[in-house]
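Written below as structure tokens is the structure these notes are about.
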2 protein chains.
Amino acid sequence: MTDLTADGVTLGVVGGGQLGRMLAEAASPLGVEVVVLDPTPDCPAALPARDQLVGAFDDEAAVRTLAERADVLTYEIELADPDLLARVREETGVPVHPDPETLRVTQDKLVEKQTLAERGIPVPAFRRVDDAADLRAALDELGSPVMLKARAGGYDGRGNVPVAAGDDLDAALEGMGPCVAEAMVDFAREVSVIGVRGDGERDVFPLVENVHEAEILRETVVPARTSGAVREHALDVAREVLSALDGRGVFGIELFEVESGDTAGSTAGERDDGRILVNEIAPRPHNSGHYTIEGAHTSQFEQHARAVLGLPLGSTALRGQTVSANLLGDVEVPEPATLHGVERALATPGVSLHWYGKKEVRPLRKMGHVTATSVTDEPLADLLDRTRRVRDALTFRDTTE
Amino acid sequence: MTDLTADGVTLGVVGGGQLGRMLAEAASPLGVEVVVLDPTPDCPAALPARDQLVGAFDDEAAVRTLAERADVLTYEIELADPDLLARVREETGVPVHPDPETLRVTQDKLVEKQTLAERGIPVPAFRRVDDAADLRAALDELGSPVMLKARAGGYDGRGNVPVAAGDDLDAALEGMGPCVAEAMVDFAREVSVIGVRGDGERDVFPLVENVHEAEILRETVVPARTSGAVREHALDVAREVLSALDGRGVFGIELFEVESGDTAGSTAGERDDGRILVNEIAPRPHNSGHYTIEGAHTSQFEQHARAVLGLPLGSTALRGQTVSANLLGDVEVPEPATLHGVERALATPGVSLHWYGKKEVRPLRKMGHVTATSVTDEPLADLLDRTRRVRDALTFRDTTE
């Protein structure tokens, strides 16, 4: 694609959540129109998108209709069906990016780890677990406790449970389906990289630092507060990960920076200098890359649109230190969403608010995020404090102040 | 307005051109939904907006329907009808920002200049011109030539003609309607300021420098390459202009930086230190403020949304030196729009493309713009050169390379 025409270029997206919404917001200035497929009427992406098809992610007729309206298909949710996408690509000739094969790999935590390990990319030591005997062997091999993860369907820590040698192993496996057990990593910090595969080019955004709580991302601090050597090594690992994937698009690459002395890495013998292990890969824009909207010369969403359409990639350079913080549902039970405290947030210099337009707030649901850029030359720690104060003043609870 | 709710906040906008489009793009992250009224089906703003009402700007029933759907009404085009807006505000109770009275003032170049001059704000010397006798008097008073301007309806230099003492004055006035004649200003550069009036607060963005050709803006260079003293004085003048206006919103304030020694200013005696004259005011986001999307901590479009909704204003601080350049229709006759050269533009680091989605390209029609931010610490002149090269490589002509 090289020309913008009166009729526009259309990007079909399976999934219409916040990632689809921010993708559509970023695509509009490029003259790229987004059509999303999502089961929820008036989903978050519906507002900035050209159109929404209401249907399940695996509704074959709906995915085919989406393809027929689009120049390129992509997905913003791992629940997309790789077989279906490959079939529709075959039938309609509409390209799908990233490649459905990559989606298949990243959907399965065991296959993902095997794929990386085969290429010598450092991951935590792991073992396939189909039953209690496997789990017992994993505890023997990897040490106790291990992190037991459902191979499919988990996100934000769902389907992840720590299991120790003395636990009831059958009970631990109850309802989990096929699993993988991983050695516990004694990490210094969780870091991540947004990588991108374009048409004949690859690039990485800067290394960022992520603060999780209950396995859900709370804040992203940019750049990561680690040594230059670790930063360089982490970016090298991210580049190797990109080489192991297929198709074009943006990838969220979650990494552990391991405490020196920890030996949880499967290839720790060769890699003990770097202290970087790959945790997970998302074949799509990633929560830890939302900072790029304000923090980088090109946002991860514009970059994803450029990549999947085969346009040249934009600069991944940082514009300045940046912190983003998630707005999670701070309610006990689902209820219609009303966000209080917006006035205070917007009154804070350098703060941008991103509201996802979800009608219902649920406990810990991702409802939006705030990003703060440095208006003055304040230290990064102060910027983080400021962002947290803004985030903490935003609430879905009725405060009747 | 302080809370974001599941149902969202709706901003009704009279006009759905590129300003409405960029306003809707900026409003979406805030959870603010835009509904536009525009006579062209699938107008530029229709893509990112929640909805478009198809109708004339002065269609009373349509404006009332727009008000009934909106929490606040605004306009992005001076062709909006102030009487109608005031009437609809009265009938529906929906606020209109900026105040229709301000629209009335800025719609009439004579009234605008009188309003500013009465407050001691420096403007070029001017005289009301209703007939040839008035025009002759203006040439005597203001010197020859003068700039003759139609009081209503002109933009991008339309309705502006230079007239000299020896010219056929009746012919010059033919078809112009009521006019104002202005002393010719020997300006060093054209500069402008985006000002904003919020709920109890006012602010100005940095002074920028504008390069015009055939009275149409070509490039905006940020910050303006002038002295710190001139910059400070220009911002003071812009603040005075904001005081002379009513209602909330963003205003484009066009200024002349006068060559030292020039005496075209009506109050030049008091102001010869400053060398700043006010040229025109637009009661809306302005072409010379498009750079703010990438160049400032808050874009003029987000700022306009914040202001008219009564939200706190964002930081107007510059993020770094920035250049924007308009993509004008480089065709001889109207034709379906296809923009060539996009690949090269996007391959240039730090370049952002903004495409307005207009179906038809016409000679000198504003079709989009590019903005370049500094990825390295290059001099501003180099950034301007780079931006021009990118812009020049973008064309609507069939080049069949």
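A few notes on this one:
- On the stretch given as the stretch A:297-324, residues that are over 21 Å from B:Ser299 (Cβ atoms), more than 7 Å from chain B (Cβ to nearest Cβ) and of a type outside the set (Val, Ile, Thr) total 5.
- Residue check, A:Leu394 more than 12 Å from chain B (Cβ to nearest Cβ), more than 30 Å from A:Arg202 (Cβ to Cβ), touching a residue at least 40 places away in the same chain (Cβ under 8 Å) and hydrophobic (A, V, I, L, M, F, W, C): no
- Within the option set B:Asp140, B:Asp186, being among the charged types (D, E, K, R), modelled with pLDDT under 95 and under 19 Å from B:Pro124 (Cβ atoms) holds for one residue only, B:Asp186.
- Number of residues in the stretch A:245-268 that are of a type in the set (A, V, I, L, M, F, W, C) and modelled with pLDDT under 95: the value is 4.
- Looking only at residues in the stretch B:8-29 that are in a helix (DSSP H, G or I) and farther than 14 Å from A:Ala26 by Cα, the one that is nearest to the chain's Cα centre (by Cα) is B:Leu19.
- For the stretch B:115-127, residues that are more than 13 Å from B:Ile253 (Cα to Cα) and either buried (at least 16 other Cβ atoms within 10 Å of the Cβ) or within 20 Å of the chain's Cα centre (by Cα) (or both) total 6.
- Residues of the stretch A:208-239 that turn out to be over 14 Å from the mean Cα position of the chain (by Cα) and either in a loop (DSSP other than H, G, I, E, B) or not aliphatic (A, V, I, L, M) (or both), as a count: 13
- Number of the condition not met by A:Leu394 [criteria: (1) closer than 29 Å to A:Arg158 by Cβ; (2) surrounded by fewer than 20 Cβ atoms within 10 Å (Cβ to Cβ); (3) out of contact with any Ser or Thr (no Cβ under 9 Å at 6 or more places or on another chain)]: (2)
- B:Gln52 falls short on exactly one of the conditions (1) in contact (Cβ under 8 Å) with a residue 60 or more places away in the chain; (2) more than 22 Å from the chain's Cα centre (by Cα); (3) within 13 Å of chain A (Cβ to nearest Cβ), and that condition is (1).
- Qualifying position, being part of a loop (DSSP other than H, G, I, E, B), within 14 Å of chain B (Cβ to nearest Cβ) and of a type in the set (D, E, K, R), among A:Asp58, A:Asp42: A:Asp42
- Counted residues, the stretch B:341-362 - those being at the interface with chain A (Cβ under 7 Å from one of its Cβ atoms) and touching a Leu at 6+ places or on another chain (Cβ under 7 Å): 6
- Residue match in the stretch B:273-280 (condition: basic (Lys, Arg) and either under 23 Å from B:Ala188 (Cβ atoms) or at pLDDT 95 or above (or both)): yes
- Which listed residue, of B:Thr316, B:Thr348, is β-branched (Val, Ile, Thr) and touching a Pro at 6+ places or on another chain (Cβ under 8 Å): B:Thr316
- Boolean, A:Leu37 is closer than 19 Å to B:Leu23 by Cα, at pLDDT 95 or above and more than 10 Å from chain B (Cβ to nearest Cβ): no
- Scanning the stretch B:340-357 for residues that are surrounded by fewer than 21 Cβ atoms within 10 Å (Cβ to Cβ) and not small (Gly, Ala, Ser) yields B:His340, B:Glu343, B:Arg344, B:Thr348, B:Pro349.
- Residue check, A:Asp42 in contact (Cβ under 8 Å) with a residue 40 or more places away in the chain, surrounded by fewer than 18 Cβ atoms within 10 Å (Cβ to Cβ) and either within 26 Å of B:Glu360 (Cβ to Cβ) or not assigned by TED's automatic domain parsing to the domain that holds A:Phe251 (or both): yes
- Flag if B:Glu91 is among the acidic types (Asp, Glu), more than 22 Å from B:Gly153 (Cα to Cα), part of a helix (DSSP H, G or I) and modelled with pLDDT of 95 or more: yes
- When the stretch A:325-339 is limited to residues that are more than 18 Å from A:Phe301 (Cα to Cα), crowded, with 17+ Cβ neighbours inside 10 Å and in contact (Cβ under 8 Å) with a residue 60 or more places away in the chain, the one that is farthest from the chain's Cα centre (by Cα) turns out to be A:Val331.
- Cβ-Cβ under 6 Å pairs, at least 6 apart or on other chains, the stretch B:364-376 side under 18 Å from B:Ala393 (Cβ atoms), far side of a type in the set (Lys, Arg) and surrounded by 24 or more Cβ atoms within 10 Å (Cβ to Cβ): B:Val370/B:Arg391
- Failed item, numbered, when A:Val278 is tested on (1) part of a strand (DSSP E or B); (2) more than 14 Å from the chain's Cα centre (by Cα): (2)
- Comparison of B:Val88, B:Val146, B:Val63, B:Val72 shows that the only residue that is crowded, with 17+ Cβ neighbours inside 10 Å and not assigned by TED's automatic domain parsing to the domain that holds B:Gly17 is B:Val146.
Here is a yes/no grid of residues against (1) surrounded by fewer than 16 Cβ atoms within 10 Å (Cβ to Cβ); (2) touching a strand residue (DSSP E or B) at 6+ places or on another chain (Cβ under 9 Å):
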{"site": "A:Asp168", "(1), (2)": "yes, no"}
{"site": "A:Gly177", "(1), (2)": "yes, yes"}
{"site": "A:Ala183", "(1), (2)": "no, yes"}
{"site": "A:Phe187", "(1), (2)": "no, yes"}
{"site": "A:Val191", "(1), (2)": "no, yes"}
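- Residue count for the stretch A:233-255 satisfying the condition of being free of Cβ contacts under 8 Å to residues at least 40 places away in the same chain and in contact with a strand residue (DSSP E or B) (Cβ under 8 Å, 6 or more places away or on another chain): 0.
The values are calculated or read from the model by the stated rules, or taken from the named source; none is laboratory data. The shown structure was predicted, so the numbers you read here are calculated from the model rather than taken from an experiment. Glycine gets a Cβ as well: all are built from the backbone with ideal geometry, and neighbour counts include every protein chain shown.
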